[in-house]
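Okay, so here's the structure we're looking at.
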Amino acid sequence: MNAADTALLILRMWLAIVMLAHGINHARSIDGTASWFESKGFRQPRLNARASAAGELAIGLGIATGLLTSFAVAGLIATMTVAFGSIHRFAGFFVFKRPDEGYEYVATLAVAALALAVIGPGAASIDSALSIDVTFDGWTGLIIALAGVAAGAAQLAVFWRRPAPPAN
């Protein structure tokens, strides 16, 4: 394993930890997660809570193992697109500016996923062991990222409406 493969493994492990932690947190309290989704303007909040928990766990496992990495990073980009579109874009760039946090965090995760989509998971991955990492050639990675953005935009279009501002 060379330095680039080591760096990709480190990147994958960190992204996996973040996604698994979010997925576990959502799965531990589907009712609480559903309530939160509802407060942010999502229709069918229980369905979204379950999908969020399952999706984040699958994304985390896929990225950690490097199995079907292109699908996992597309899922991560989709998740960050939903987070950006429904919450973080309204607070500006910095996470410390408003209670809902800015978008620097979700953008950083999405860009890291884009890097994995473009470059691939590296030698220390199941994709590499099974020779299914051949789709990582730069342009295909950009298509993977666009598919993630499209999936996130579709979820927003179907399930999310900006909540009305609180009455004074």
Which value, in Å² rounded to 10, gives the accessible area of residue 94 with a 1.4 Å probe and all protein chains present?
90 Å²
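Ignoring any ligand, DNA or RNA, what whole percent of the accessible area of segment 16-168 comes from carbon and sulfur when the probe is 1.4 angstrom?
On the way: 5460 of 8140 Å².
Its accessible area is 67 percent carbon and sulfur atoms.
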So how tilted is helix 139-159 from the main axis of the chain? Cα-based, degrees 0 to 90, rounded to 10.
20 degrees
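Relative contact order of the chain: what whole-number percent is it, with Cα pairs under 8 angstrom and at least 6 residues apart? Intermediate values should be presented prior to the final figure.
Values: 261 pairs, mean separation 44.5, N = 168.
Relative contact order here is 26 percent.
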Give me the distance in nm between label points sitting 7 Å out from Cα along the Cα-to-Cβ direction at residue 107 and residue 24, one decimal.
3.0 nm
Of the candidate values (i) 10.2; (ii) 10.8; (iii) 12.6, the one computed for mean projected area of the Cα convex hull in nm² from this structure is (i)
Can you compute the FRET efficiency between residue 61 and residue 164 using 1/(1 + (r/R0)^6), with r the Cβ-Cβ distance and R0 = 30 Å? Round to the nearest 0.05.
0.20
Given a 1.4 angstrom probe, what's the average accessible area per residue across the chain, in square angstrom?
54 Å²
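If 81, 65 are ordered by their accessible area, calculated over protein heavy atoms with a 1.4 Å probe, which sequence runs from highest to lowest?
On the way: 81 30, 65 60 Å².
Largest accessible area first, the list is 65, 81.
The values are calculated or read from the model by the stated rules, or taken from the named source; none is laboratory data. Everything numeric here is computed off the predicted structure, so don't read it as measured data. Glycine also receives a Cβ, built like all others from the backbone with ideal geometry; neighbour counts cover every protein chain displayed. When the accessible area is computed, the model is the full protein with side chains, heavy atoms only, and any ligands, DNA or RNA have been set aside. Shrake-Rupley method; radii C 1.70, N 1.55, O 1.52, S 1.80 Å.
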